[in-house]
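Chemist: Structure in structure tokens, see below.
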């Protein structure tokens with residue numbers, strides 16, 4: 001029988017995919033074996049959700065197939081979990097009518113879950129102490145049972161590590177961030193790149209354009225640091241930590257100048273832009289709203305556009321991270337009567353609206 005070209009291609013592709021699957025299975029088997037060697041005699045503790053997921057996957061493979069795989073759990077264990085799933089399916093105890101949950105019990109449950117979620121480092125004894133301070137006489141065994149049922153007990157051999165968001169909340173009012181972004185502008189010699197150095201207050205979201213230059217050096221960066229840490233009018237007045245990336249422009253002399261002004265420079269790990277998300281959000285906003293919509297001619301044009309956007313950002317633009325309000329918005333509600341006016345910048349590229357007092 002003559003093979004048609006498409007049949008030959010299909011068979012080749014099927015063979016390739018089958019080989020890829022075999023390689024993936026072989027790798028996973030080796031990975032499981034390494035995990036078993038790492039665990040040794042220690043018992044791997046699984047919560048109910050993980051047991052259910054393994055049981056559903058195991059029944060598709062079957063006992064004979066599982067016996068040929070290097071699994072962490074024995075086939076009998078996996079199939080026993082599956083039988084438990086079947087029994088739970090026909091368990092009607094959950095549909096039986098019971099009395100209402102006592103108010104005190106529900107309040108204790110809610111408080112335990114809340115304390116555990118808001119304080120990942122707390123154990124059941126610490127939570128029991130907080131409950132006692134609030135007037136709830138609950139044993140530590142009850143708190144531990146609630147945490148175990150909801151999968152909130154921490155592994156003593158692997159305590160939770162502090163998260164970056166928790167660090168930011170702890171230092172919120174004393175934290176600022178800095179970064180660079182670039183703008184290409186036409187000049188007499190062609191396109192020239194300008195580096196814009198800015199600093200942003202994490203708590204208030206205020207932005208300061210610290211400097212614009214085509215080729216900044218260490219001397220200029222040190223001068224920027226002096227201006228930012230000026231005790232009278234510096235943007236970093238009252239701040240204690242300035243986070244930045246690993247750009248070589250943040251030299252030792254620049255860091256020392258900040259330290260002399262009472263500000264600690266905190267260098268971020270490699271390839272971690274999300275750790276400086278507030279500054280990255282500002283850069284994304286100015287590119288989306290201004291830089292990608294304009295053609296620049298000369299340094300003066302760049303300065304005009306960047307400073308106009310910074311003023312718009314600080315006074316006129318609503319911020320989602322601040323409850324969709326403007327940074328200079330007064331606490332009292334705006335007037336509901338009067339003519340709505342439009343304020344424009346950069347020829348209408350940036351717009352904001354306000355109500356003229358009646």
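Read the figures in this text as sums done on the coordinates, not as results from a lab. This is a predicted model, so every value here is computed, not measured. Note that each Cβ is placed from the backbone with ideal geometry, even for glycine, and that neighbours are counted across all protein chains shown.
Chemist: Which distance in nm do the two modelled labels at residue 220 and residue 320 give, with both placed 7 Å along the Cα-to-Cβ direction?
Modeler: 3.3 nm
Chemist: According to a simple spin-label model (label point 7 Å from Cα along Cα-to-Cβ), what is the distance in nm between residue 308 and residue 281?
Modeler: Here the answer is 2.5 nm between the modelled labels.
Chemist: Where the centroid of each part is defined by its Cα atoms, how far is the range 254-285 from the range 107-152 in Å?
Modeler: Computed from Cα coordinates, the inter-centre distance equals 37 Å.
Chemist: Working out 0.36 nm times the residue gap between residue 256 and residue 351, then minus their Cα-Cα distance, what length gain in nm do you get to one decimal?
Modeler: Using 0.36 nm per residue and subtracting the Cα-Cα distance, I get 30.1 nm.
Chemist: Moving on to the next point. For 149, 232, 316, what's the fewest-to-most ordering of other Cβ within 10 Å of each Cβ?
Modeler: Ordered from fewest to most neighbouring Cβ atoms within 10 Å, 149, 232, 316 come out as 232, 149, 316.
Chemist: Take 212, 295 and order them by how many other Cβ atoms sit within 10 Å, fewest up front.
Modeler: Arranged by neighbour count, lowest to highest, 212, 295 become 295, 212.
Chemist: Can you sort 270, 237 so the residue with the fewest Cβ neighbours within 10 Å comes first?
Modeler: 270, 237
Chemist: At R0 = 30 Å, how high is the FRET efficiency between residue 340 and residue 289 if r is their beta carbon distance? Nearest 0.05 is fine.
Modeler: 0.90
Chemist: What would the Debye equation give as log₁₀ I(q)/I(0) for the range 164-299 at q = 0.10, 0.11, 0.20 Å⁻¹, counting only Cα atoms as equal point scatterers?
Modeler: -0.34, -0.41, -1.25
Chemist: Points 7 angstrom from Cα along the Cβ direction at residue 195 and residue 230: gap in nanometres?
Modeler: Going by the 7 Å Cα→Cβ label model, 2.3 nm.
Chemist: Right, here's the next one. Report the extension gain between residue 299 and residue 130 in nm, rounded to one decimal, defined as 0.36 nm multiplied by the number of residues separating them, less their alpha carbon distance.
Modeler: Answer, rounded to one decimal: 54.9 nm.
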